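These notes concern the structure reproduced below.
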Amino acid sequence: MKFFIDTANLDQIKEAQDLGVLDGVTTNPSLMAKEGIKGKENIDKHYVDICKIVDGDVSAEVLSTTYEEMIAEGEKLAALHPQIVVKVPCTKDGIKAVKYLNSKEIRTNCTLVFSVGQALLAAKAGATYVSPFVGRLDDISTNGIELIRQISDMYNYYAFDTQVLAASIRHTMHIIECVEAGADVATCPLKAIEGLLNHPLTDKGLEQFIADSKKM
Ligand code: G3P
């Protein structure tokens, strides 16, 4: 399973990259706003800065909502850097935009996906990634991980190329559950990735080894 980091914070992206296990980055307008990135020029520059830090795919989301605007914006975003994947919402216009961008060999991430039906349409339109939001489903008492399992099973059964990118990952256990559910990618906060390292027996064992090494 690939690891993407879900942030627009350059320090956190660098930290995850330094760990040596990072495969890509996802952003969204809320994450960009959180970093205080404003204005088209600064937004574009920020995406390029992210691409310079990581080796893998970087999702950049369109801000428009109509088909014509989305494809124009998507083409401009894709032209910024070869690592850019255009993130498009799973709406009627969005699905049409995914289909168009795919025909132009521009990679897409179909986002704000909350059902198997939406994931089916995204795959049929040729999305590179589909992003079901695990945490936001959990928030409304619906099992987000179960949706990851259902979409992964469907894609495997019909041999779709679209990769399941589990998004809205909130904590470390979500990552473990994504592995079990067959996600291709999990995009996570840095804290959730680092949480995978935590084990009291590792800490205890290391403490013992260090103590014993002094007796050697
Ligand atoms: O990748 C989508 C993600 O950023 C949404 O996360 O925590 O706002 O539901 P959250």
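Give the residues of the range 11-45 that are touching a residue at least 24 places away in the same chain (Cβ under 8 Å), more than 16 Å from the ligand (Cβ to nearest atom) and under 16 Å from I84 (Cβ atoms), sorted by residue number. Give the derivation first.
First pass over the range 11-45, keeping only residues touching a residue at least 24 places away in the same chain (Cβ under 8 Å): 12-17, 19, 21-29, 31-32, 34-35, 37, 44.
Then keep just the ones that are more than 16 Å from the ligand (Cβ to nearest atom); that gives 14-15, 17, 19, 21, 44.
Result: D44, single match.
The rows are residues; the columns are (1) of a type outside the set (D, E, K, R); (2) more than 30 Å from H171 (Cα to Cα); (3) within 15 Å of the ligand (Cβ to nearest atom).
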{"residue": "A60", "(1), (2), (3)": "yes, no, yes"}
{"residue": "T66", "(1), (2), (3)": "yes, yes, no"}
{"residue": "K76", "(1), (2), (3)": "no, yes, no"}
{"residue": "I84", "(1), (2), (3)": "yes, no, no"}
{"residue": "E105", "(1), (2), (3)": "no, yes, no"}
{"residue": "L120", "(1), (2), (3)": "yes, no, no"}
{"residue": "A123", "(1), (2), (3)": "yes, no, no"}
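Show the residue pairs that are 6+ apart or on different chains and have beta-carbon atoms under 7 Å apart, the first residue being within the range 93-117 and under 17 Å from Y155 (Cα atoms), the second being buried (at least 17 other Cβ atoms within 10 Å of the Cβ) and modelled with pLDDT under 95.
Every condition considered, no pair remains.
So in the range 131-154, with the set limited to residues that are under 14 Å from E177 (Cβ atoms) and charged (D, E, K, R), which one is farthest from the ligand (Cβ to nearest atom)?
Within the range 131-154, the match that is farthest from the ligand (Cβ to nearest atom) is R149.
I need the full set of residues from the range 66-96 which are closer than 13 Å to T111 by Cα and either among the polar types (S, T, N, Q) or outside any helix (DSSP H, G or I) (or both), in order please.
Matches in the range 66-96: V85, V86, K87, V88, P89, C90, T91.
Tell me which of these T128 doesn't satisfy, since it passes every other one: (1) away from the ligand (no atom under 16 Å from the Cβ); (2) of a type in the set (V, I, T); (3) surrounded by fewer than 24 Cβ atoms within 10 Å (Cβ to Cβ).
T128 satisfies all of (1) away from the ligand (no atom under 16 Å from the Cβ); (2) of a type in the set (V, I, T); (3) surrounded by fewer than 24 Cβ atoms within 10 Å (Cβ to Cβ) except (1).
Any chance the range 53-61 includes a residue that's assigned to a helix (DSSP H, G or I), surrounded by 21 or more Cβ atoms within 10 Å (Cβ to Cβ) and in contact with a Ser or Thr (Cβ under 8 Å, 6 or more places away or on another chain)? Give the derivation first.
We begin by selecting, within the range 53-61, every residue assigned to a helix (DSSP H, G or I); these are 53.
When the remaining residues are screened for being surrounded by 21 or more Cβ atoms within 10 Å (Cβ to Cβ), the result is none.
No, the range 53-61 has no match at all.
Examine the range 157-166 for a residue that is at pLDDT 95 or above, more than 16 Å from the ligand (Cβ to nearest atom) and acidic (D, E), and state whether such a residue exists. Before you say what the answer is, go through the steps one by one.
Quick first cut of the range 157-166, residues at pLDDT 95 or above only: 157-166.
Of the ones still in play, those that are also more than 16 Å from the ligand (Cβ to nearest atom) are 157-162.
Checking which are acidic (D, E) leaves us with 161.
Checked the range 157-166: at least one residue is at pLDDT 95 or above, more than 16 Å from the ligand (Cβ to nearest atom) and acidic (D, E).
For I169, work out the one condition from (1) in contact (Cβ under 8 Å) with a residue 40 or more places away in the chain; (2) part of a helix (DSSP H, G or I); (3) over 23 Å from I71 (Cβ atoms) it doesn't fulfil.
Answer for I169: the failing condition is (2).
Could you tell me which numbered condition Y129 fails, if it satisfies all but one of (1) more than 17 Å from the chain's Cα centre (by Cα); (2) under 21 Å from A166 (Cβ atoms)?
(1)
Working only within the range 172-216, note down all residues that are more than 16 Å from the ligand (Cβ to nearest atom), within 30 Å of S131 (Cβ to Cβ) and not in a helix (DSSP H, G or I).
Here is the first cut: in the range 172-216, the residues more than 16 Å from the ligand (Cβ to nearest atom) are 176, 179-182, 194, 196-216.
After this cut, where a residue has to be within 30 Å of S131 (Cβ to Cβ) as well, the list is 176, 179-182, 194, 196-199.
Within the range 172-216, G182, L196, L197, N198, H199 meet the criteria.
Could you please give the count of residues in the range 164-216 that are more than 15 Å from E146 (Cα to Cα), surrounded by 18 or more Cβ atoms within 10 Å (Cβ to Cβ) and polar (S, T, N, Q)?
2
Restricting the search to the range 130-166, which residues are among the charged types (D, E, K, R) and in a loop (DSSP other than H, G, I, E, B)?
The initial filter retains those residues of the range 130-166 that are among the charged types (D, E, K, R), namely 136, 138-139, 146, 149, 153, 161.
Scanning the range 130-166 gives a single hit, D161.
The values are calculated or read from the model by the stated rules, or taken from the named source; none is laboratory data. Computed from a prediction, not measured in an experiment: that's the story for all the values here. Heads up, the Cβs are rebuilt from the backbone with ideal geometry, glycines too, and the neighbour counts pull from every protein chain shown.
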